[in-house]
Structure formats: structure tokens, C-alpha cells
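Worksheet for the structure shown next.
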Amino acid sequence: MSEHTPAPHPPVLRRAVVTGAAGFIGSHLAHALLGSGTIVIGVDRRDPATDQVAAANLAALQGVPGYMHITADLLNCSVDPLLFEADVIFHLAAVPGVRPSWGPRFNEYVASNILAAQRVMEAAHRMRVPRLVVASSSSVYGPTSGGASVEADHLRPASPYAVTKLAEEQLCLAHAARANCPTEVVALRYFTVYGPRQRADMFIHRALHAALTGQPLSLYGDGHQRRDFTYIDDAVTATIAAATVPNATGAFNVGGGSSASLLEVINIAKSLVGRDIQIHLEPARGGDVLTTLANPARAHEVLGWQPQVDLHNGLRAHMQALAQAAGYGAAA
Ligand code: NAD
Ligand code: UGA
């Protein structure tokens with residue numbers, strides 16, 4: 001380095017732990033953190049050596065200097081050593097998905113979404129980690145009158161999944177509220193996140209897949225239900241801000257404040273590919289709400305967060321990534 005070259009700024013976060021790093025949001029977050037010079041310890045119970053989805057999600061991270069991946073289950077691993085000298089824990093590991101949370105898998109939801117969070121929070125306390133950002137969910141609001149949800153609203157989760165996510169965020173916040181807790185907690189209520197590597201059970205992935213392949217799309221209900229869809233890069237930006245903005249605590253909506261119906265998404269997908277989508281109508285699923293819509297004011301004012309990607313551009317980027325990953329050739 002010449003004497004005229006200014007010294008690089010040290011990264012704001014020197015070392016971060018990302019739980020759920022082999023997942024959709026966690027893998028994007030880890031990648032963005034590495035790009036800004038943060039050492040990242042990724043933890044996930046899915047083993048990329050045996051799990052194809054985990055391997056695909058982690059493909060861009062493996063071998064990158066500064067990234068260390070640990071395959072471990074937070075329900076029984078030693079958490080403390082993972083947190084050594086961490087500036088922040090991003091606790092994203094969870095069993096997601098609204099509809100499968102009814103029935104026999106409920107135990108898994110309780111275990112990964114509540115019991116694992118308790119273990120992580122206790123370890124954060126012992127290891128004196130200054131901040132934990134926990135992934136909460138728009139589903140904690142439950143049914144609304146259609147207006148935008150504010151963090152202080154009365155919460156009426158309508159599915160077992162949503163109940164566990166509310167328990168998870170409140171559990172972490174309760175720890176943080178204790179007088180001697182060294183760990184500040186920020187809970188991010190993500191609103192339906194989409195983009196490359198979105199989980200294959202989610203609607204946008206399925207709609208784009210149907211458009212690309214010609215295979216039918218199952219539509220649960222009449223398609224008029226609306227979501228405040230959030231592009232993955234915007235979700236990641238909010239997540240990093242939640243770790244770095246001084247004195248940010250409590251719950252924040254991560255949703256841009258506009259919604260689209262499933263039918264609108266289908267129409268954009270059709271126009272991007274230039275092919276019709278064959279739709280199989282199925283009954284609406286219990287626990288699905290009609291509308292999600294974020295009031296993003298608190299995230300804007302405290303975190304300085306402003307989403308950048310509108311639905312049309314986000315769907316195009318998602319479509320292109322899906323087409324490339326699946327070898328469908330150029331799309332859109
Ligand atoms: P994902 O399933 O792709 O990632 C979650 C990861 O957590 C998985 O790789 C899984 O193996 C891991 N995991 C689960 N239990 C674990 C355990 N006990 N120990 C270690 N690892 C464990 O899900 P995602 O869509 O990336 O969601 C990430 C987080 O964001 C979750 O907490 C989810 O509830 C929340 N969230 C997601 C969305 C969305 O639209 N994707 C919206 C709101 C909230
Ligand atoms: C999504 C995530 O899956 C949850 O993990 C997350 O917590 C939640 O967002 C959130 O915002 O908090 P959801 O809104 O149900 O949950 O998103 P999708 O799974 O993409 O479903 C959206 C809508 O599409 C639902 O009404 C669903 O019934 C419908 N759908 C889904 C279909 O019609 N067909 C499908 O094949 C899949």
C-alpha cells in the first residue's frame with residue numbers, strides 16, 4: 001500500500017454469527033456481511049454435504065476467506081464457543097412456513113423457534129454478546145382490517161407458526177429487558193421475503209417455476225389475498241442496519257408499505273416469461289391471512305431503512321436467477 005493510499009475503514013461489525021446460514025435469508029445475509037469485511041460464523045443443522053438445498057444456498061460462501069460454516073443443531077450443540085468475540089448474533093434459524101405448522105410437525109416448530117432461541121439467548125448473555133437480531137414475522141399480526149400494521153398493534157397470530165414466532169421475539173426481548181442483560185435485542189418482522197433462492201414452498205418461487213416450466217400452479221383460495229412482498233436485498237439491508245444502528249431495540253417491520261395480490265404476481269410472472277400459467281384452484285388454507293401490509297415508518301426513522309427494489313424488478317431478478325439455477329436458459 002502506498003503512503004498516499006488511505007487506510008481502509010475497519011468493518012463496522014468485526015465478527016458476526018448467523019444462525020440459519022444454510023437457509024434462504026441467512027445465506028444472503030452472510031454473503032453481504034462478508035462483502036463488507038465481517039468475519040462470519042454460519043451455523044445450521046442442514047449439512048451441505050448431504051442436503052442439496054443447503055449446498056446450493058451455501059455455494060457462494062464456501063471457501064470465501066472470512067467464512068466458517070458449522071453444521072450443528074442449536075437444540076443440542078454447545079452454543080457458547082460459537083459466540084466467541086461476536087459483535088452480533090443474527091438468529092435466523094427456525095422452522096418457517098405457515099401452513100405445515102398445523103398438525104404433527106408442531107413439536108418441531110416449538111423446538112426450533114422457541115427452545116433454540118432460549119438456548120441462543122442464554123448463551124448470548126453468558127458470552128456478553130452486545131446485540132442479537134432475531135428474525136420475527138409479519139404473521140405475528142394475524143388478520144387485520146386491511147390497513148398497515150404498526151409495531152405497537154394488538155397481535156393476534158392466526159397459525160401455530162405465527163404463535164411460535166411471536167413467542168420467539170417476545171422471549172428474546174424479555175431476556176434483553178432484564179436489568180443485567182448485556183445483550184440488546186432487535187426483532188425484525190419480515191414481510192414475505194422473495195428473491196433468488198427463496199424457499200421452494202413459497203408462492204413466488206412456485207409461480208415463477210410454473211411460468212418457466214409450464215407445470216401447473218396450485219392457488220390456495222381465490223388469489224385475491226395480498227402480501228407486502230419484500231425483496232431479499234432490502235431485507236438484508238434492514239438486517240445489517242438492525243445490528244449496527246446504535247441503541248436500536250425492540251420490534252421493527254421489514255416491509256415496504258405496499259402490497260400486491262397473488263393474481264398480480266401471476267400476471268407479472270406471465271408477462272416476464274411470455275407464457276400462460278395453468279392454475280389449479282384449491283381451498284384457502286387455515287391460518288393464512290387475507291392481507292399483510294407493513295407500516296415501515298419505525299424502520300425508516302430508527303434504522304434509516306428504505307427499500308429499493310419494486311415488485312416488478314424484484315420478480316425479474318428472481319426469475320432470472322431461477323432460470324439460470326435450473327438450467328432453463330435465458331428467461332425474461
Ligand atoms: P429457511 O428455512 O430457508 O432457513 C432457516 C434455516 O434454519 C434452515 O436452513 C434450517 O436448517 C435452520 N434451522 C432450523 N432449525 C434449526 C436448529 N434447531 N438448529 C440449527 N439450524 C436450524 O427459512 P428463511 O425463509 O430463510 O427464514 C429465515 C428466518 O426468517 C426464519 O426465522 C423465518 O421464520 C423468518 N421469516 C422468513 C420470512 C420469509 O419470507 N422467508 C418471513 C418472515 C420471517
Ligand atoms: C411467508 C413465509 O413463508 C413465512 O416463513 C413468513 O413468516 C411469512 O411470509 C411472513 O411474512 O411472516 P406467507 O405469507 O404464507 O409466509 O408466504 P407464502 O408461503 O409465499 O404464501 C403467500 C400466499 O400464497 C398464501 O396466501 C398462500 O396460501 C398462497 N400460496 C402459497 C398458494 O396459493 N399456493 C402455493 O403453492 C403456495
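Residues in region 79-112 that are under 21 Å from residue 41 (Cβ atoms) and within 18 Å of the chain's Cα centre (by Cα): 88, 89, 90, 91, 92, 93, 94, 112.
Out of all the residues in region 91-100, is one or more among the β-branched types (Val, Ile, Thr), within 15 Å of ligand 1 (Cβ to nearest atom) and outside any loop (DSSP other than H, G, I, E, B)? No: region 91-100 contains no residue that is among the β-branched types (Val, Ile, Thr), within 15 Å of ligand 1 (Cβ to nearest atom) and outside any loop (DSSP other than H, G, I, E, B).
Could you figure out which of (1) near ligand 2 (Cβ under 10 Å from one of its atoms); (2) open to solvent by less than 10 Å² (accessible area, probe 1.4 Å); (3) part of a helix (DSSP H, G or I) isn't true of residue 161? Here residue 161 clears every test but (2).
All conditions but one from (1) within 10 Å of ligand 1 (Cβ to nearest atom); (2) over 19 Å from residue 136 (Cβ atoms) apply to residue 85; the one that does not is (1).
Residues that are within 11 Å of ligand 2 (Cβ to nearest atom), open to solvent by 40 Å² or more (accessible area, probe 1.4 Å) and of a type in the set (Gly, Ala, Ser): does region 174-186 have at least one? Within region 174-186, none of the residues are within 11 Å of ligand 2 (Cβ to nearest atom), open to solvent by 40 Å² or more (accessible area, probe 1.4 Å) and of a type in the set (Gly, Ala, Ser).
Taken over region 191-230, the criterion of being open to solvent by 20 Å² or more (accessible area, probe 1.4 Å) and among the aromatic types (Phe, Trp, Tyr) is satisfied by 203, 220, 229. For residue 111, the conditions (1) open to solvent by less than 40 Å² (accessible area, probe 1.4 Å); (2) more than 27 Å from residue 231 (Cα to Cα); (3) not in a helix (DSSP H, G or I) all hold with the exception of (3). Of the residues making up region 296-307, those that are crowded, with 18+ Cβ neighbours inside 10 Å and part of a loop (DSSP other than H, G, I, E, B) are 296, 305, 307. One residue alone among 238, 251, 200, 243 is near ligand 2 (Cβ under 10 Å from one of its atoms), small (Gly, Ala, Ser) and modelled with pLDDT of 95 or more, and that residue is 200.
This table checks each residue for (1) within 16 Å of ligand 1 (Cβ to nearest atom); (2) in contact with a Lys or Arg (Cβ under 9 Å, 6 or more places away or on another chain).
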residue	(1), (2)
151	yes, yes
155	yes, no
158	yes, no
170	yes, no
173	yes, no
183	no, yes
203	yes, yes
211	no, yes
219	no, no
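Condition check for residue 275 on (1) open to solvent by 60 Å² or more (accessible area, probe 1.4 Å); (2) within 14 Å of ligand 1 (Cβ to nearest atom): one failure, at (2). Consider residue 169 carefully, then state whether it is farther than 19 Å from residue 309 by Cα, open to solvent by less than 50 Å² (accessible area, probe 1.4 Å) and within 12 Å of ligand 2 (Cβ to nearest atom). So residue 169 fits the description; yes. Of the listed requirements (1) near ligand 2 (Cβ under 10 Å from one of its atoms); (2) within 18 Å of the chain's Cα centre (by Cα); (3) more than 26 Å from residue 95 (Cβ to Cβ), residue 257 misses just one: (1). Once region 37-72 is narrowed to residues that are within 17 Å of residue 88 (Cβ to Cβ) and small (Gly, Ala, Ser), the residue that is nearest to ligand 2 (Cβ to nearest atom) is 42. Condition (residue is aromatic (Phe, Trp, Tyr), modelled with pLDDT of 95 or more, part of a helix (DSSP H, G or I) and open to solvent by 40 Å² or more (accessible area, probe 1.4 Å)) applied to region 71-84: is it met by at least one residue? Within region 71-84, none of the residues are aromatic (Phe, Trp, Tyr), modelled with pLDDT of 95 or more, part of a helix (DSSP H, G or I) and open to solvent by 40 Å² or more (accessible area, probe 1.4 Å).
Flag not set for residue 124, criterion: away from ligand 1 (no atom under 11 Å from the Cβ), crowded, with 19+ Cβ neighbours inside 10 Å, in a loop (DSSP other than H, G, I, E, B) and in contact (Cβ under 8 Å) with a residue 12 or more places away in the chain. Scanning region 322-331 for residues that are in a helix (DSSP H, G or I) and surrounded by 17 or more Cβ atoms within 10 Å (Cβ to Cβ) gives 322, 323.
The values are calculated or read from the model by the stated rules, or taken from the named source; none is laboratory data. In this text, all values refer to a predicted model and were calculated from it rather than measured experimentally. Cβ sites come from the backbone with ideal geometry, for glycine too, and all protein chains shown count toward neighbours. When the accessible area is computed, the model is the full protein with side chains, heavy atoms only, and any ligands, DNA or RNA have been set aside. Shrake-Rupley method; radii C 1.70, N 1.55, O 1.52, S 1.80 Å.
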